[in-house]
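J.: Below you'll find the structure I mean.
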Amino acid sequence: MRHFLTLLDITPDEARHILKRAKKIKSKLKEGKAHRPLEGKTLAMIFEKASTRTRVSFETGMFQMGGHALFLHSSTTQLGRGEPIEDSARVLSGMVDGVMIRTFAHETLQCFADHASVPVINGLTDGNHPCQILTDVFTYEELRGSIEDKTVAWVGDGNNMAHSWINGAVTFGYRLRIASPEGYGPDESIVMAARSLGADVSVTHDPLEAVANADLVTTDVWASMGQEDEQAIREKAFADFCVDSRVISYAKPDALFMHCLPAHRGEEVSADVIDGSQSVVWLEAENRLHAQKGLLEFLMS
Ligand code: CP
Ligand code: NVA
């Protein structure tokens with residue numbers, strides 16, 4: 001029984017296996033062939049935050065693989081009324097075959113996983129968003145081949161997405177250049193841990209330095225879910241961190257642009273970049289379905 005709370009919960013070989021299976025599962029779907037390894041299995045999906053892509057991709061993925069997904073929002077379950085996480089984990093483990101959780105503190109997810117006897121998947125916490133990086137690497141490789149030794153530039157907040165990109169540098173062997181405003185960089189302990197595992201991760205305050213010669217440029221919102229009241233102060237701090245046509249022109253001419261979405265055009269990315277020829281955000285969003293089916297098969301079948 002395995003959990004997927006961060007990318008470091010799986011080995012590089014396992015990550016490679018999942019992406020290989022995802023590719024196969026995607027092509028089967030496109031050919032109209034059924035792939036139902038999760039017949040009779042149920043995934044509970046706990047959401048304490050909003051979601052479009054994560055919910056739809058997990059729910060659709062479970063259905064396509066012959067299983068079933070349950071949407072549980074904290075506002076309509078006993079979790080939202082204070083039932084202990086530990087108790088909820090034990091109860092759900094008795095009825096379902098896997099649990100996906102989107103919550104605030106990473107510790108909540110960890111606590112749930114510690115008391116669950118079925119696989120637990122991180123559907124985003126304040127700390128990490130590993131399913132998205134699995135997908136983004138899948139998408140890069142679908143379009144450009146191996147991401148190993150390529151340069152990924154992260155421009156913006158040192159948030160959950162940035163942390164998972166850092167862990168992904170360990171798993172997938174790309175170089176990672178992060179540019180964040182002073183005071184908004186990634187968690188130093190996550191950077192140090194990745195470096196100690198051999199990852200090439202650098203952190204700067206200069207977006208152009210990070211983007212120079214990059215193969216992939218990516219960003220995310222300035223204020224994540226739960227930080228809505230910091231929006232105004234963050235808009236000031238991040239004013240020089242918009243990925244616009246000037247910034248992306250410092251990357252390689254064939255560099256791709258990714259964004260996990262939802263995006264704020266005119267803030268972290270200009271409309272001409274996200275809607276432009278280097279952007280692959282719609283394929284990236286679709287690939288949540290395929291990459292996570294590879295993950296679900298690995299964890300639950
Ligand atoms: N990228 C992503 O996780 O999107 P949702 O918030 O819509 O699930
Ligand atoms: N950093 C964003 C990602 C959304 C998918 C957030 O946590 O709101």
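J.: If a residue must be of a type in the set (S, T, N, Q) and part of a loop (DSSP other than H, G, I, E, B), how many such residues does the range 202-251 contain?
T.: Residues that pass the stated criteria total 4.
J.: If you scan the range 168-180, which residues turn out to be touching a residue at least 60 places away in the same chain (Cβ under 8 Å) and open to solvent by 10 Å² or more (accessible area, probe 1.4 Å)?
T.: Selection gives Val170, Thr171, Gly173.
J.: Only one residue in Thr6, Thr54, Thr11, Thr42 is of a type in the set (Ser, Thr, Tyr) and surrounded by fewer than 16 Cβ atoms within 10 Å (Cβ to Cβ), so which one is that?
T.: Thr11 is the lone residue from the list that is of a type in the set (Ser, Thr, Tyr) and surrounded by fewer than 16 Cβ atoms within 10 Å (Cβ to Cβ).
J.: Could you look through the range 255-278, keep only residues that are within 16 Å of ligand 2 (Cβ to nearest atom), assigned to a loop (DSSP other than H, G, I, E, B) and over 23 Å from Arg55 (Cα atoms), and pick out the one that is least open to solvent (accessible area, probe 1.4 Å)?
T.: Glu268
J.: State the number of residues belonging to the range 153-201 that are in a loop (DSSP other than H, G, I, E, B) and of a type in the set (A, V, I, L, M, F, W, C).
T.: 2
J.: Another question, if that's okay. So which residues in the range 102-146 are within 15 Å of ligand 2 (Cβ to nearest atom), open to solvent by 10 Å² or more (accessible area, probe 1.4 Å) and not in a loop (DSSP other than H, G, I, E, B)?
T.: Within the range 102-146, Arg102, His106, Thr108 meet the criteria.
J.: Would you confirm, using the coordinates I've provided, whether Glu48 is open to solvent by 60 Å² or more (accessible area, probe 1.4 Å) and either out of contact with any Ser or Thr (no Cβ under 7 Å at 6 or more places or on another chain) or of a type in the set (Asp, Glu) (or both)?
T.: no
J.: Could you figure out which of (1) within 15 Å of ligand 2 (Cβ to nearest atom); (2) touching a helix residue (DSSP H, G or I) at 6+ places or on another chain (Cβ under 6 Å) isn't true of Val211?
T.: (1) is the only condition that Val211 fails.
J.: Only one of Ser164, Ser202 is buried (at least 24 other Cβ atoms within 10 Å of the Cβ), in contact (Cβ under 8 Å) with a residue 24 or more places away in the chain and among the hydroxyl-bearing types (Ser, Thr, Tyr); which?
T.: Ser164
The values are calculated or read from the model by the stated rules, or taken from the named source; none is laboratory data. Computed from a predicted structure; not experimentally measured. Neighbour counts run over all protein chains shown; Cβ positions are idealised from the backbone, glycine included. Ligands, DNA and RNA are excluded from the accessible area calculation, which covers all protein heavy atoms including side chains. Shrake-Rupley method; radii C 1.70, N 1.55, O 1.52, S 1.80 Å.
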